[in-house]
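The structure appears right after this line, and notes come after that.
Please treat every number below as a calculation from the coordinates, not as lab data. Predicted model only: the values in this text are computed from it and were never measured. As a convention, Cβ positions derive from the backbone with ideal geometry for all residues, glycine included, and neighbour counts pool all protein chains shown.
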Amino acid sequence: MLSLCSSRWLVGVSAMLALPAAIAAERVQVTTSFSILADMVKNVGGEHVEVTSLVGPDSDTHAYSPSPGDARALSEADLVVFNGLQFEGWMERLIEASDYSGPLVTATAGIDTAEADVHDDDQDDHGHGGHDDHAHGDDDPHAWQDLALGKIYVTNIRDGLVEASPENADVYHENAERYINQLEATDEEIRRLIGEIPDSTSVVTGHDSFGYFSSAYGVRFLSPAGLSSASEASATNMAQLIDVIREQNVQALFHENMTSPSVLNQLAEETGLPVAGTLYTDALTSEGEASTYLGMMRHNAQMLNTALADPDHDDHDDHDDHDDHDDHDDQHGHSH
């Protein structure tokens with residue numbers, strides 16, 4: 001009798017241990033190109049998706065080199081989501097190598113793109129000091145930096161999930177609607193924070209990723225050629241950078257989590273301007289507020305507000321031209 005009970009107990013335990021694997025196997029296997037898209041997919045797919053990000057948090061999509069394991073991950077996926085607009089220059093080759101034939105979501109599909117900014121002085125590729133992997137072609141791919149365009153990302157992801165598992169369509173639509181409401185609330189919060197910054201303010205960052213943010217919310221971003229170079233700037237380049245800072249009424253310098261801090265630190269020493277903190281652009285962090293898409297956007301706005309807001313600001317009149325949610329979708333030119 002004891003033996004029989006023991007056998008039944010072992011069978012029950014084995015079944016319970018096998019249950020998580022069975023549930024995971026039933027989930028839609030989604031592979032995304034980088035961490036921001038992975039977070040969006042998790043919000044729309046919820047418990048029905050298992051998400052793998054090829055480029056994880058705190059990792060640079062520009063410098064990424066796919067492995068054979070990535071091709072296998074794609075071949076086993078039910079859905080693949082990537083940004084497009086040449087943000088992942090390696091993605092098309094990887095898809096071909098994997099023989100993946102399922103649904104593909106280009107998250108930027110349907111977005112009226114901004115033209116990518118190209119710096120002068122014979123330094124193309126966004127002034128990245130010869131980092132060829134950072135060239136994106138004619139269109140700026142960083143459209144997620146405008147939360148109104150982020151809603152298009154969410155809609156495209158929702159439709160891809162519906163195609164991959166139509167039996168969960170109602171859940172995906174409900175989750176997407178709830179998530180879009182959160183994007184809209186965060187968009188309003190960002191407008192309030194940025195509205196407290198004087199209109200003439202300019203900010204220097206190391207990577208040309210904030211064109212959509214600038215157009216949507218009003219802060220003027222400068223990313224002069226050479227700032228993201230891993231090596232120290234030459235005396236001539238440093239003098240040119242200092243001239244830009246003085247001419248453009250730059251009030252603060254910001255590190256970015258995907259660029260080298262060395263030149264920016266040198267600029268801070270030369271100009272006396274503060275390095276006001278770190279902004280997050282092309283990747284989430286593994287922990288903390290910027291570990292989610294909306295958290296990253298709030299962090300950046302709060303960081304800018306803390307460093308640049310006018311303490312005597314009483315109204316938002318200086319930024320009224322950025323408060324019309326319907327107008328700014330059609331205006332994504334850089335303010336550089």
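Quick rundown of the values:
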| item | result |
| --- | --- |
| Extreme residue, positive dipole direction of the range 26-183, given options 37, 89, 109 (C-beta unit charges) | 37 |
| The range 231-303 and the range 132-191: distance between their alpha carbon centers, rounded to Å | 26 Å |
| Packing rank of 33-39, 285-291, where each peptide gets the mean count of other beta carbons within 10 Å, highest leading | 33-39, 285-291 |
| Amide H contacts under 5 Å for residue 203, placed H, 5+ residues apart | 220, 221, 222 |
| Within-13-Å neighbourhood charge of residue 102 [Cβ basis; K, R +1; D, E -1] | -4 |
| For residue 52, residues with placed amide H under 5 Å, excluding near neighbours | 30, 31, 32 |
| Long-range HN-HN contacts of residue 256 with modeled amide H, under 5 Å | 206, 279 |
| Per-residue HN-Hα couplings for the range 158-169 [Karplus 6.51, -1.76, 1.60; θ = phi - 60°; Hz; x = Gly/Pro] | 4, 5, x, 5, 4, 5, 6, 8, x, 5, 9, 4 |
| Sparse-neighbour loop sites [chymotrypsin sites (Phe, Trp or Tyr not before Pro); the range 72-107; at most 10 other C-beta within 10 Å; DSSP] | none |
| Cα-derived Rg over Rh, computed across the range 26-183 with Rh taken as Kirkwood radius | 0.99 |
